[in-house]
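Notes to accompany the following structure.
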Amino acid sequence: MTDSNVFQLSQPGTLCDPLTEVLRSGARALLAQAVAAEVAGFLESHADKLTDDGRQRLVRHGHLPEREIMTGIGPVAVRAPRIRDRVGTGEERIAFSSAILPPYARRSKSLEVLIPILYLKGISTGGFEEALAALLGKDAGGLSASTIARLRDVWADEHARWLKRDLSVKRYVYFWADGIHVQARLEDDAQCLLVIIGATPEGNKELVGLTDGVRENAQSWKGLLLDLKRRGLVIGPELAIADGALGFWQAIEEVWPKTPRSALLGAQDSQRAQ
């Protein structure tokens with residue numbers, strides 16, 4: 001307990017909820033991967049250009065100073081790579097200019113349409129090309145098929161490793177669970193993303209589980225919880241926090257019956273639970 005009645009207020013424009021921090025961290029990694037793939041494609045397209053002594057004419061040359069790009073989830077820090085031309089000077093110099101990170105860009109374009117396009121098109125070469133075009137603008141260049149394919153392979157490998165990661169050494173004090181209902185619905189049943197964020201004993205917040213489900217029902221939540229348990233998370237959290245969706249409570253009762261629960265029930269949650 002404390003005798004102070006002074007509380008620190010959030011500063012305007014700041015976001016501190018765990019899910020937003022996870023998304024922002026993912027956006028930073030995604031942007032870095034996209035630019036790295038773009039640079040790799042650029043160097044590959046000029047691989048036949050050599051110096052007089054047989055070395056590659058174009059090489060990587062560090063990074064530009066870090067800057068922030070304003071996105072729909074707040075500022076994301078990025079560092080654009082440099083490419084060095086060992087031979088050319090003046091107008092003959094081959095320069096690299098990122099289509100994803102234009103030199104003076106400070107904010108993303110048409111970010112709001114990115115997630116619906118990804119949902120409708122799926123993760124494919126053509127789908128990601130359209131999604132990145134929506135993010136950068138229809139006139140953005142440099143989105144070659146090889147760049148998209150390289151990105152797709154990186155994302156697929158990372159996602160596969162994340163889904164199989166060992167959780168046997170993990171312990172979580174809290175679980176925050178929620179279902180994010182998407183606007184685009186192609187199926188008869190309402191689809192949503194089931195998200196679980198955990199807090200470790202050290203106070204770190206981590207994305208523990210993420211999958212698609214149907215109407216936040218018990219079967220969908222149970223499948224996600226059982227997958228976590230199968231990969232080593234035998235001991236459940238000390239407290240589970242969620243809204244009024246009854247499916248999650250039924251699922252955690254079956255998987256970790258000793259875990260205490262705390263419901264955050266608002267007006268919309270009450271209507272959804274009925």
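The values are calculated or read from the model by the stated rules, or taken from the named source; none is laboratory data. Computed from a predicted structure; not experimentally measured. Don't worry about glycine lacking a Cβ; one is built from the backbone with ideal geometry, like all the others, and counts go over all protein chains shown. Note: accessible area is taken over every heavy atom of the protein model, side chains too, but ligands, DNA and RNA are not part of it. Shrake-Rupley method; radii C 1.70, N 1.55, O 1.52, S 1.80 Å.
If you check S108, S97 for being among the polar types (S, T, N, Q), more than 30 Å from Y174 (Cβ to Cβ) and at pLDDT 75 or above, only one passes: S97. Restricting the first member to the range 42-71 and to residues that are farther than 12 Å from R82 by Cβ, and the second to residues that are hydroxyl-bearing (S, T, Y) and open to solvent by less than 70 Å² (accessible area, probe 1.4 Å), the beta-carbon pairs closer than 7 Å and six or more apart or on different chains are R57/T51; I69/S108; T71/S108. Figure legend. Inter-residue proximity from the range 142-165: first residues closer than 15 Å to A32 by Cα, second residues small (G, A, S) and modelled with pLDDT of 70 or more, beta-carbon distance below 6 Å, spacing 6+ or different chains. Indicated pairs: T147/A37; T147/G41; R150/A37; L151/A37. Filtering the range 39-63 to residues that are part of a helix (DSSP H, G or I) and open to solvent by 50 Å² or more (accessible area, probe 1.4 Å) leaves E44, S45. The criterion of at least 2 residues that are at pLDDT 85 or above is met by the following strands (runs of 3 or more DSSP E) wholly inside the range 173-274: 174-181, 191-199, 205-214, 239-242. Among the residues examined, K170 does not qualify as assigned to a helix (DSSP H, G or I), surrounded by fewer than 20 Cβ atoms within 10 Å (Cβ to Cβ), on the phi < 0 side of the Ramachandran plot and modelled with pLDDT of 90 or more.
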